[in-house]
Amino acid sequence: MLRSKLSMENPLNHASVDRPSDEQTQQNLPAATGSSRFVRACLRQPVDRTPVWFLRQAGRYMPEYMAVRKHHTLLDICRTPEVAAEVTITAAERLGVDAAIIFADLLLPFTPMGVDFEFLAGEGPVVHAPVRTAEQVQALRTDRIEELSYVARSIEKVAAHFSAPRADGDQLGIIGFCGAPFTLASYMIEGGSSRNYIETKKMMYSDAVSWPLLMEKLVTVLVGFAQQQIEAGADVIQIFDSWAGALSVTDYRQYCLAPTTELIRRVQALGVPVIYFGVDTASLLPTMRETGADVIGLDWRVPLDIGWKSLGHACAVQGNLDPISLFAPQDVLKARVEEVLRAAEGRPGHIFNLGHGIVPGTPVDNVIQVVEWVKHFSL
Ligand code: CP3
């Protein structure tokens, strides 16, 4: 098991997961890795059934989460390991999924970098002094990654809770995560969510010193943050490049591919598979594949078979049910779930998920029903 190996050894000396080369076929796969069907699927190893989990599986649609939110702010939950672990565990167990993503947020690394932010009700994240000048980029700190160790403490608690195999013999996968350099830079520079990413692209196009420096600083912090999570028991790291779809292929290639590839390679070198996810990425998929990520997360706009084909079937895929189809009547929802599973054609390396996060108001019973359908589906 990756988790126990990593906790006993220096992960830097343990840079080997059995990763199939692009040429390997289903008949020629390396030996199984542990007993987690989720981790095995990330590595395109055969599994007994398709693993399933959901983006934003612990969130406002779930009454148990809202009960905790009554007494804590979002950041309090993230920064209190007991509470973050409880929220993570409750969601995974309530839904019966095969993996638990640690409860945290993309923007947490901003604090040790010296960028203040808060979450305002109804507005999402707000950065009070957006990073737009060369001086501000130079001032960003990369030497306080230790301050993020509360996320690792949460992961330790989740890993301890799920240390025993479940009733079906499978080990629940534990997912740590961080943002990708472009998506994090966009929040830092825009000061919050954005429609057109004007300030971000202005820095990208016009400041050949600050943009690469910002990318480099983010990669340094994110690798350290991911390392803490892996040492604490994360089996897989998911890298969210949620807003990469705002980039043309040319801009993605010119300004973002190299730092993202470096982040992914350095996290893989710590001994875990990496899932790389973005939204609205159909045209970017072949270029995203060049990062070498083990798994690419597909949004729902691209049919799964077409998305996987455009990746040359050279990596695993995760996705890609439209999260809003969870509001549909049972017959429509079931048809959509089966469409995704059929499009995977039983190839090794499909992890069932949504094409983006569960939204508030989603009926919990429908989410649970989807898990059941995935578990009992056969081609
Ligand atoms: O189960 C889980 O996935 C929960 C853990 C989690 C959160 N944020 C908690 C959260 C994860 C994986 C994230 C990642 C994250 N954070 C992303 C990437 C995922 C994606 O959607 O593409 C992004 C873009 C952020 C930044 C962020 N955090 C935004 C834009 C918002 C506001 C939007 C919203 O949904 O309200 C948040 C808030 C946030 N982070 C919530 C949760 C559960 C909801 C707010 C709350 O509880 O008050």
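Restricting the search to the stretch 22-56, which residues are more than 29 Å from A104 (Cα to Cα), among the charged types (D, E, K, R) and modelled with pLDDT of 65 or more?
Within the stretch 22-56, just D48 meets the criteria.
If S154 passes every condition in (1) under 22 Å from V367 (Cβ atoms); (2) of a type outside the set (A, V, I, L, M); (3) within 12 Å of the ligand (Cβ to nearest atom) but one, which one does it miss?
It is condition (1) that S154 fails.
Considering only the stretch 89-135, state which residues are among the acidic types (D, E), at pLDDT 95 or above and within 30 Å of I368 (Cα to Cα).
Result: E93, D98, D105.
Of the residues Y276, Y197, which is of a type in the set (S, T, Y) and under 30 Å from S35 (Cβ atoms)?
Just one listed residue meets the conditions, Y276.
Do you know which of the residues in the stretch 57-76 that are of a type in the set (S, T, Y) and within 21 Å of the chain's Cα centre (by Cα) is farthest from the ligand (Cβ to nearest atom)?
Residue satisfying both the conditions and the ranking: Y61.
Restricting attention to the stretch 98-116, does a residue exist that is in a helix (DSSP H, G or I) and within 12 Å of the ligand (Cβ to nearest atom)?
yes
For the stretch 300-330, how many residues meet the condition of being part of a strand (DSSP E or B) and either farther than 17 Å from G349 by Cβ or touching a Cys at 6+ places or on another chain (Cβ under 9 Å) (or both)?
Result for the stretch 300-330: 3.
Kindly indicate the residue of the stretch 77-95 that is of a type outside the set (S, T, N, Q), over 19 Å from G173 (Cβ atoms) and more than 11 Å from the ligand (Cβ to nearest atom) and also surrounded by the most Cβ atoms within 10 Å (Cβ to Cβ) among those meeting that condition.
Only one residue fits best here, namely P81.
Please find, within the stretch 117-133, the residue that is farthest from the ligand (Cβ to nearest atom) out of those that are outside any loop (DSSP other than H, G, I, E, B) and loosely packed, with under 13 Cβ neighbours inside 10 Å.
The extreme case among them is L120.
The values are calculated or read from the model by the stated rules, or taken from the named source; none is laboratory data. The structure presented is a predicted model; accordingly, all values stated were derived computationally and were not measured. Cβ coordinates were reconstructed from backbone atoms using ideal geometry, including for glycine residues, and neighbour counts include every protein chain displayed.
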